[in-house]
Amino acid sequence: MIETGALGLEAPLLMTPGPTRVPERVLQAGARPMLHHRSVEFSKELAALLEMIAPIFGTKQPVLPVHTTGRGAMEASLCNLFRPGDEIAVCANGRFGALWATIAQSHDVIAHQMAKDWSRDIDADELDALLKSRPGIRAVAFVYCATSTGVANDVRRLVDIAASHKKLAIVDGISALGGMPFAMDEWGVDVAMTASQKCLMSSPGVAFVAFSERAWAASARAKLPRGYWDFPEIRKSISGPRPMTHGTPPVHPLLQVVEALRAIHEEGLERVFQRHAEMGTRVREGVSRLGLSLQCPTLGRLSTTLTAVAAPQGKHPAIIRDGLRKRGIEVASGLGPFEATAFRIGHMGDIRLADVDRTLTALAEVL
């Protein structure tokens with residue numbers, strides 16, 4: 001079965017970790033005639049977005065629209081926090097955890113990597129020991145949901161350790177916010193970010209970042225280049241009685257996010273979180289009944305937005321993915337050391353239990 005979109009084009013069911021399926025109402029919001037980004041109408045839509053996205057982050061701080069991808073939001077955050085020669089601790093238990101180190105080093109920020117074994121949860125004691133041994137470290141960066149493995153890192157525990165050493169806690173929530181509970185203020189997170197194409201079920205092209213007061217204080221001393229994504233300027237632009245973007249935004253992706261947020265709040269955040277939890281359980285139980293195991297079976301905390309599955313012994317996962325594609329379902333390949341042995345099923349955003357069941361039925365046929 002192939003889905004038909006608003007333009008009558010056939011498209012597979014996207015059971016991937018992003019971009020995710022865009023609901024019809026969100027597609028239509030992105031098909032509106034162009035709005036000028038300095039018009040009253042666009043300003044009203046931006047104001048609605050800013051109001052509705054704050055509960056997704058769990059913060060009273062302003063959430064900044066940044067005209068970039070999720071990776072761009074990561075780089076922009078570092079540029080607004082550090083000087084060359086500063087030090088950062090990076091929890092590298094997945095490709096995107098390790099990406100923090102790659103970005104930091106490209107700006108002459110010294111990155112101390114830990115938790116390099118993707119198959120394990122982050123060892124909180126190891127992080128504590130690193131921060132004790134390297135007092136010059138200014139921040140700890142990690143991923144909430146690592147889509148390389150399907151782990152859900154223990155944000156509160158890691159933030160508590162960072163805070164005990166008076167270090168900033170920087171969280172990539174790109175594959176989690178909007179699908180998993182997140183309480184930035186309550187948990188003491190200093191920097192959090194997400195992007196439009198994951199749980200916010202919109203087209204790629206815009207990201208969102210929030211800073212705590214401690215992070216804003218650190219931003220005042222930052223010296224890395226940040227002309228395009230100067231966060232103080234972005235905050236100034238959105239903070240007036242008529243909020244505006246800092247420069248020309250991707251208008252239609254922003255309009256899509258507004259409509260997606262309306263849909264999320266209509267469903268109710270708690271119900272959204274529960275739906276994602278149920279989908280995660282359904283996928284894990286379903287693949288187990290099919291005789292498959294998780295890619296990283298020893299992980300203690302698992303994401304509700306993605307499941308990484310080990311292919312049967314001796315079978316390349318590309319065969320399974322091709323079989324699912326022929327049945328109108330797109331799943332993702334394994335990453336890094338698991339590329340040849342695993343595949344990944346995304347279940348986030350607009351995906352429903354019926355989509356999960358359809359995927360599991362097709363997977364059984366392929367096997």
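The values are calculated or read from the model by the stated rules, or taken from the named source; none is laboratory data. Please read these numbers as outputs of a predicted model, since none were measured by experiment. Positions of Cβ are generated from backbone atoms using ideal geometry, with glycine treated the same way; all protein chains shown enter the neighbour counts.
Here are a few things to note about the model shown:
- Lone unmet requirement of (1) among the charged types (D, E, K, R); (2) within 22 Å of the chain's Cα centre (by Cα); (3) in the same structural domain as D322 (by TED's automatic domain parsing) for E10: (2)
- Subset of region 28-53 [under 15 Å from I264 (Cβ atoms) and crowded, with 17+ Cβ neighbours inside 10 Å]: A29, L49, L50, M52, I53
One line per residue, one yes/no per condition, for (1) more than 30 Å from A31 (Cβ to Cβ); (2) basic (K, R); (3) in contact with a Ser or Thr (Cβ under 7 Å, 6 or more places away or on another chain):
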residue: A146; (1), (2), (3): yes, no, no
residue: A163; (1), (2), (3): yes, no, no
residue: V171; (1), (2), (3): yes, no, no
residue: E186; (1), (2), (3): yes, no, no
residue: T194; (1), (2), (3): no, no, no
residue: C199; (1), (2), (3): no, no, yes
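- When T102 is tested against (1) in contact with a Phe, Trp or Tyr (Cβ under 7 Å, 6 or more places away or on another chain); (2) farther than 30 Å from E186 by Cβ, only condition (1) is not met.
- The single condition among (1) touching a residue at least 40 places away in the same chain (Cβ under 8 Å); (2) closer than 16 Å to L261 by Cβ that K44 does not meet is (1).
Okay, residues lined up against (1) touching a helix residue (DSSP H, G or I) at 6+ places or on another chain (Cβ under 8 Å); (2) within 30 Å of F208 (Cα to Cα):
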| position | (1), (2) |
| --- | --- |
| H265 | yes, yes |
| F273 | no, yes |
| A318 | no, no |
| G323 | yes, no |
| M348 | yes, yes |
| V366 | yes, no |
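- Any chance T361 is of a type in the set (S, T, Y) and either loosely packed, with under 14 Cβ neighbours inside 10 Å or within 19 Å of the chain's Cα centre (by Cα) (or both): yes
- Of the strands (runs of 3 or more DSSP E) contained entirely in region 147-230, those carrying at least 2 residues that are β-branched (V, I, T) fall at 168-172, 191-195.
Condition check ((1) touching a strand residue (DSSP E or B) at 6+ places or on another chain (Cβ under 9 Å); (2) loosely packed, with under 14 Cβ neighbours inside 10 Å) across all residues:
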residue	(1), (2)
R262	no, no
V283	yes, no
G286	no, no
R289	no, yes
G300	yes, yes
T305	yes, no
A310	yes, no
P317	yes, no
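- In region 38-54, the residues that are of a type outside the set (A, V, I, L, M) and either modelled with pLDDT under 95 or under 23 Å from K198 (Cβ atoms) (or both): E45, E51
- Cβ pairs under 7 Å, 6+ apart, first in region 85-107 and in contact (Cβ under 8 Å) with a residue 12 or more places away in the chain and surrounded by fewer than 24 Cβ atoms within 10 Å (Cβ to Cβ), second basic (K, R) and in a loop (DSSP other than H, G, I, E, B): E87/R134
- Among the candidates V309, V283, the residue that is of a type in the set (A, V, I, L, M, F, W, C) and in contact with a His (Cβ under 9 Å, 6 or more places away or on another chain) is uniquely V283.
- So G227, is it at pLDDT below 95 and farther than 28 Å from C79 by Cα: no
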